[in-house]
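Asks: For reference, the structure I am asking about is given below.
The numbers here are math on the coordinates, done by the rules we state, and not lab data. The model shown is predicted, which means the values in this text are computed figures rather than measured ones. Cβ atoms come from the backbone with ideal geometry, glycine included; neighbour counts cover every protein chain shown.
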Amino acid sequence: MMEVRLLLALFLFFLSLSSAQRPNIVFIVADDLGWNDLGFRNPDMITPNIDKLATEGIIFDNAYVQPLCSPSRTAFMSGMYPFHAGMQHMALKLDQKVCVPLNFTFLPQELKKLGYATHIIGKWHLGYCKWECTPTYRGFDTFFGYYNAGEDYFSHSIRDYLDFRDNKTPARNYSGEYSANTFGLRAVDIIHRHNVSQPLFMYLPYQSVHGPIEVPKKYEDMYPNVINEGRRKYSGMVSALDEAVGNVTKALKDRGLFENTLILFTADNGGPIEAYANNWPLRGGKYTIWEGGTKGASFMYGAGLQKTGTTYDGMIHAVDWKPTLVSAAGGTPETTIDGISQWESIRNGLPSSRTEFIYNIDYFEAAFEGHAGIRVGDYKLILGYPGAFDGWHKPMNSTEDEIFEEPVHYTGDEPVQLFNVREDPTEHNNLADKTPDIVAKLRARFEEYKKTMVPANYPEGDPASDPSNFGGVWSPGWC
Ligand SMILES: *[C@@H]1O[C@H](CO)[C@@H](O)[C@H](O)[C@H]1NC(C)=O
Ligand SMILES: *[C@@H]1O[C@H](CO)[C@@H](O)[C@H](O)[C@H]1NC(C)=O
Ligand SMILES: *[C@@H]1O[C@H](CO)[C@@H](O)[C@H](O)[C@H]1NC(C)=O
Ligand SMILES: *[C@@H]1O[C@H](CO)[C@@H](O)[C@H](O)[C@H]1NC(C)=O
Ligand SMILES: *[C@@H]1O[C@H](CO)[C@@H](O)[C@H](O)[C@H]1NC(C)=O
């Protein structure tokens, strides 16, 4: 009996020891931030807090995301390609009866198994038509934020109805507060109240810097040398986000948690160039499977990283973040997901364990975004419509906005385009006609993946979602 108790005590002791050593994890997502929209890449941008973390951490040069929001977030949370979840088409609309399949395990669920306290502050956008789809039913201890996209930064409403909650309760009393501040302050508050006997996981998918283009004047005024009004405001939005990131790192320091914290920062997709974001010198933007739509501005900072102050050029895909963070937390990643842990590769600066990935496979009413693309080694194959907008664009800097012609969508797998994105990361030289053997090889690999595609779940809107049925708040309870 004595021995059993001793063993139990020892077991509990080691358990507490190991969990005490797990790093805190802060996973920051910037919405619609472009490749060229942070100071460490573009000296015209004022982002000192982010730049410090990035340049003292590891900057990713080849970390890929999906061309838009709900698909990328599906990958972040589940470690699955959106085309395996029916989530590959467009961003979810307010009135669609859709959420990421409930039998998919989310990152916070995995981290809870390892003893983490789990919080989400910001944007969900993975479905909310019933409570089971919402954050506190999918692994988060707390939720403060909104379910949809594109709402007003001050009223937290969209189409005149509130979309803002504190856990399950509508949060009506934040009206007038800019969301970068609201979310920044809530993150600081959670850090201050956190019981340090548990490791902390914070997922911070900020509203910034998605449209509408809104920012308090003091941030806009930081850019007197930007002539274009939209770009000036957008730049201010990025600087407000930077201030929020600075506040979070300061709070972690004040609590003595910073040394043992790992920070992952990423955009959810390339910047929408028609809406003042910028991906120069990459081609295309949000909605496209050009590199400008799919390379995320991204870096890691902190606990466990060895080769810091470097740029990591290994191939990473959004599906990899879940298993990578589970590994960083000392857990064992699932083997049944699309993502692979890149933790040992990243932290030690070793070659990536990924050699290929899918940009997208979407044949639903093809195609309102990039519908078919694959990367194998240095090569990238695009079949058919890559999405709009195309081209190489510098940041807007004249009083008149740059004009973007209405895109012409087309269906089918033509034309076929092939690029060596290692040698030609800006996609200037289509090699398809010159190297048909490589096209054939990539196409065969693409067809293998395509056999596993789950058709996009993208139904007509349901009038039952109408917030006037729910006290004027976008709410679960209609599916
Ligand atoms: C979820 O359920 C679907 C439909 O039953 C099934 O095809 C899929 O394999 C399941 N996925 C997981 C991750 O369990
Ligand atoms: C909003 O109301 C909640 C619940 O009463 C309270 O905890 C919170 O501090 C309030 N926030 C503001 C900004 O008034
Ligand atoms: C950062 O913290 C300062 C001081 O508490 C606060 O005034 C400011 O609103 C915060 N900014 C953001 C973006 O959270
Ligand atoms: C923190 O959690 C531990 C373990 O559950 C508990 O014993 C302790 O009382 C908590 N501390 C505070 C300040 O709540
Ligand atoms: C924008 O153009 C103005 C006028 O040509 C120039 O002075 C300014 O430096 C430019 N700003 C940026 C950010 O390029």
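Asks: Counting each pair of different Cα atoms once, what's the Kirkwood radius of region 60-174 in Å, rounded to one decimal?
Replies: Taking every pair of different Cα atoms in region 60-174, averaging 1/r and inverting gives 14.8 Å.
Asks: Which value results for Rg/Rh of region 390-479 when Rg is the Cα radius of gyration and Rh the Kirkwood radius based on the inverse mean 1/r?
Replies: 1.16
Asks: Give me the log10 of I(q) over I(0) for region 99-167 at q = 0.12 Å⁻¹, as the Debye formula computes it from C-alpha points; what are the numbers?
Replies: Values returned for q = 0.12 Å⁻¹ are -0.33.
Asks: Additional query: Can you give me the P(r) profile for region 327-444? Cα pairs, bins 10 angstrom wide beginning at 0, each as a whole percent.
Replies: P(r) for region 327-444, in whole percents per bin: 11, 30, 29, 21, 7, 0.
Asks: Once the dipole of the chain is set up with Lys and Arg at +1 and Asp and Glu at -1 on Cβ about the Cα centre, which of Leu241, Ile337, Pro459 lies farthest towards its positive end?
Replies: The residue sitting farthest along the positive end of the dipole is Ile337.
Asks: Among Ile25, Gly370, Asn278, whose Cα sits farthest toward the positive end of the charge dipole of the chain (+1 at Cβ of Lys/Arg, -1 at Cβ of Asp/Glu, about the Cα centre)?
Replies: With unit charges placed on the Cβ atoms, the residue in question is Ile25.
Asks: Show me 309-319, 203-213, 159-169 ranked by packing, highest mean number of other Cβ atoms within 10 Å first.
Replies: 203-213, 309-319, 159-169
Asks: Listed highest first by mean packing, meaning other Cβ atoms within 10 Å per residue, what order do 66-78, 275-287, 133-145 come in?
Replies: Ranked by mean Cβ neighbours within 10 Å, highest first: 66-78, 275-287, 133-145.
Asks: Just round it to a whole percent: the fraction of Cα-Cα distances in the chain exceeding 34 Å.
Replies: Value for the chain: 31 percent of Cα pairs lie more than 34 Å apart.
Asks: On to the next question. Relative to the Cα centre, what is the charge dipole magnitude of the chain, using +1 at the beta carbon of each Lys and Arg, -1 at the beta carbon of each Asp and Glu, and rounding to the nearest 20 debye?
Replies: 1680 debye
Asks: Where nothing but the Cβ of Lys and Arg (+1) and of Asp and Glu (-1) is charged, how large is the charge dipole of region 342-405 around its Cα centre, in debye to the nearest 20?
Replies: In debye, rounded to 20, region 342-405 gives about 520.
Asks: Pull out the extension gain between Glu406 and Lys450, defined as 0.36 nm times the separation in residues minus the alpha carbon to alpha carbon distance; nm, one decimal.
Replies: Going from the current span to full extension adds 12.9 nm.
Asks: Apply the a/c threshold of 1.5 to the C-alpha gyration tensor of region 293-368 and tell me whether it is rounded, prolate or oblate.
Replies: Prolate, since a/c reaches 1.5 and a/b exceeds b/c.
Asks: Hey, another quick one. Once you've got the Cα coordinates, tell me which of Lys113/Lys253; Lys97/Lys394; Lys52/Lys233 are over 31 Å apart.
Replies: Result: Lys97/Lys394 exceed 31 Å.
Asks: Using packing as a proxy for protection, rank 427-433, 241-247 so that the peptide with the highest average count of other Cβ atoms within 10 Å comes first.
Replies: For the peptides 427-433, 241-247, the packing ranking is 241-247, 427-433.
Asks: So, with +1 on the Cβ of K and R and -1 on the Cβ of D and E, and no other charges, what is the size of the charge dipole of region 70-197 about its Cα centre, to the nearest 20 debye?
Replies: 300 debye
Asks: No partner Cβ under 4.7 angstrom, meaning no disulfide-compatible partner by this rule: which Cys of the chain qualify?
Replies: Cys69
Asks: How big is the Kirkwood radius of region 221-296, worked out from every pair of different alpha carbons and given in Å to one decimal?
Replies: This gives a value of 14.4 Å.
Asks: Hey, can you grab everything whose amide H is under 5 Å from the amide H of Glu402? Only 5+ residues off in sequence or another chain; H modelled, so Pro and N-termini drop out.
Replies: Amide H neighbours of Glu402: none.
Asks: Identify all aspartates and glutamates with a Cα-Cα distance to Lys450 below 19 Å; exclude those on the same chain that are fewer than 8 residues away in sequence.
Replies: Straight-line reach from Lys450, under 19 Å: Asp338, Glu356, Asp362, Glu365, Glu369, Asp413, Glu414.
Asks: Additional query: Stokes-Einstein D for region 155-247 at 37 °C, 0.692 mPa s, Kirkwood Rh over Cα pairs, in µm²/s?
Replies: 222 µm²/s
Asks: Could you give me the percent of Cα pairs per 10 Å distance bin for region 262-407, shortest bin first, beginning at zero and ending with the bin that holds the maximum distance?
Replies: Bins of 10 Å from zero give 11, 34, 32, 18, 4, 0 percent of pairs.
Asks: Before anything else, pin down the relative contact order of the chain: Cα pairs under 8 Å, at least 6 apart, normalised by residue count, whole percent.
Replies: Averaging sequence separation for qualifying contacts and normalising by length gives 23 percent for the chain.
Asks: Which one of Pro199, Gly127, Gly34 is farthest out on the positive end of the charge dipole of the chain, using unit charges on Cβ (Lys, Arg +1; Asp, Glu -1) and the Cα centre as origin?
Replies: The residue sitting farthest along the positive end of the dipole is Pro199.
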